[in-house]
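The values are calculated or read from the model by the stated rules, or taken from the named source; none is laboratory data. These numbers were taken from a predicted model, which means no experiment stands behind them. Cβ: placed from backbone, ideal geometry, glycine included. Neighbour counts: every protein chain shown.
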Amino acid sequence: MSQRQIIQVFEEYQKSRFKFAQTVADLAARPQNLDMLQKAGVMSMLRPLMLDAVPSIQQTAALALGRLADHSDDLAEAVVNADILPELVHSLATQNRFYKKAAAFVLRAVAKHSPELSQAVVACGGVDALVGCLEEFDPGVKEAAVWALGCITRHNASLCQSVVDAGAVPLLVLCFLEPEMALKRIAASTLSDIAKHTPELAQTVVDNGAIAHLAQMILNPDAKLKRQVFSALSQISKHSESLAEMVIEAEIFPAALACLKEPDEYVKKNVVTLMREVVKHTPELSHMIVSCGGIGVVIDYLGNCYGNLRLPGIMMLGYVAAHSENLAMAVILSKGVPQLALCLSEEQEPHIKAATAWSIGQIGHHTPEHAKAVATSDLLTKLMELYMDASSSEDLQAKSKKALKSILQKCTYLPGLEPLLYDVPGNILKHVVCQFSKVLPHDSKARRLFVTSGGLKKLQEIEAKPGSPLQEHINAINSCFPEEIVRYYSPNYSEVLLERLESFQPA
């Protein structure tokens, strides 16, 4: 056999290996093929190709493994059980940029499924290898490594801490200086995942100068980048007053409010989420957002979206209103109550209704004037319906009840209270009657209206235990009226008259 024939044998073997790896990679891109590939033992066949002397074969084998692992946690676990990860991580430090991108894809595909699979990546030294890739010149390698690190950080604080301890955060911040938009996006997303877990991890992100870089990118026209920027700022702000203040000090408002005019709904949602996380801490931080027009733009936002997109805006109004009478009145004057009433009637999800009921309670519980603003939007009866509805979730019933009771204790607007005299449970009725007993002794017009509207008649029909608070409130109201009027509207008055008629002897 000639030398050329011998070389040809090896060339054909090399071509066959590459063709096999390429074919498997193509097949792995289609979900319907994956079960058959796994049954055929594809993992054990790809493993030696990961160590092949030919770089293109290594890269293609890694791509095939990544696609397999990306599909499901079972396949990702099969990659781990095949003991492929240690070889993959070892090769990351020595191979070319194409292989590094493929290897980082495999690590990402494994890590994304669960904390346990992420821990397998950490245990084999994957985090250190990926952080090393962040110092590569090639932006594609950096992007692939950041993707993988992001999949690890999102699961829990412990995994996140392993990424931080490997020195990833300063290198992630430096990614913002790169011109590639995709790299900026995934770096912002990963920093958001790091900051979300604990105040200490958020502080690490802040200490590495992330806020200033994030603030600069608010004006970037790329919507996907802005989604991640506002998400990261929200995750930093949520933990404490001091972290929220650092975000505010970066002068992101009122520039951030302008983003609520953009078409991308998730940019707008994340801006409103950031506002929610800032205002919840203190009245001072709430006032900062209110003073730059925050309430008005959030109310407009609620009028132009539906479902879970509304949730952060609903809660933001509740947090603002909770702090003080003045801030709650600012929500009322900006027409926040009618908008929340609309949300309560339009939304179907119990958790959104519960959040809305909570926010309404935060607005109405301060003073009679605040309670009247809620009552005039017919929200007392709506809250009562939600509380009484057997199909309402436990949380919705609890929040509706709490909001209703807190508002009732301040409400002196009798037309809003009167519908609650009918078909309500005793634990609510006593609060309603109590409010009537406070107002009627001092308001003759209200007493007259109470009679003509049927309220006094209904009051006489209420069965209260002698000596109970409810009975005392009823007695206090009855004492405001002439005795004969009270008797006239009592349930058995007509029978008494008939008895008197029967016993009456004409002269």
Looking only at the stretch 62-80, filter to residues that are small (Gly, Ala, Ser), at pLDDT below 80 and within 19 Å of residue 52 (Cα to Cα); which one of those is nearest to the chain's Cα centre (by Cα)? 66
Scan the stretch 1-22 and report the pairs whose first residue is closer than 20 Å to residue 50 by Cβ and touching a residue at least 24 places away in the same chain (Cβ under 8 Å) and whose second residue is assigned to a helix (DSSP H, G or I) and among the charged types (D, E, K, R), with Cβ atoms within less than 9 Å and a gap of 6+ or a chain change. none
Out of 109, 103, which single residue is touching a Ser or Thr at 6+ places or on another chain (Cβ under 9 Å), buried (at least 21 other Cβ atoms within 10 Å of the Cβ) and either assigned to a loop (DSSP other than H, G, I, E, B) or not acidic (Asp, Glu) (or both)? 103
Quick check on this structure: which one of 88, 117 is under 26 Å from residue 33 (Cα atoms) and modelled with pLDDT of 85 or more? 117
Within the stretch 118-153, the residues that are more than 20 Å from residue 174 (Cα to Cα) and either of a type in the set (Lys, Arg) or surrounded by fewer than 23 Cβ atoms within 10 Å (Cβ to Cβ) (or both) are 119, 120, 122, 123, 124, 125
From 420, 456, which residue is buried (at least 16 other Cβ atoms within 10 Å of the Cβ), in a helix (DSSP H, G or I), modelled with pLDDT under 75 and touching a helix residue (DSSP H, G or I) at 6+ places or on another chain (Cβ under 9 Å)? 456
Taking the conditions exactly as written (in contact with an Asp or Glu (Cβ under 7 Å, 6 or more places away or on another chain) and either surrounded by 18 or more Cβ atoms within 10 Å (Cβ to Cβ) or modelled with pLDDT of 90 or more (or both)), does residue 354 satisfy them or not? yes
If a residue must be assigned to a loop (DSSP other than H, G, I, E, B) and modelled with pLDDT of 75 or more, how many such residues does the stretch 3-52 contain? 4
Those helices (runs of 4 or more DSSP H) lying entirely in the stretch 245-293 with at least 3 residues at pLDDT 95 or above, surrounded by fewer than 22 Cβ atoms within 10 Å (Cβ to Cβ) and not hydrophobic (A, V, I, L, M, F, W, C): none
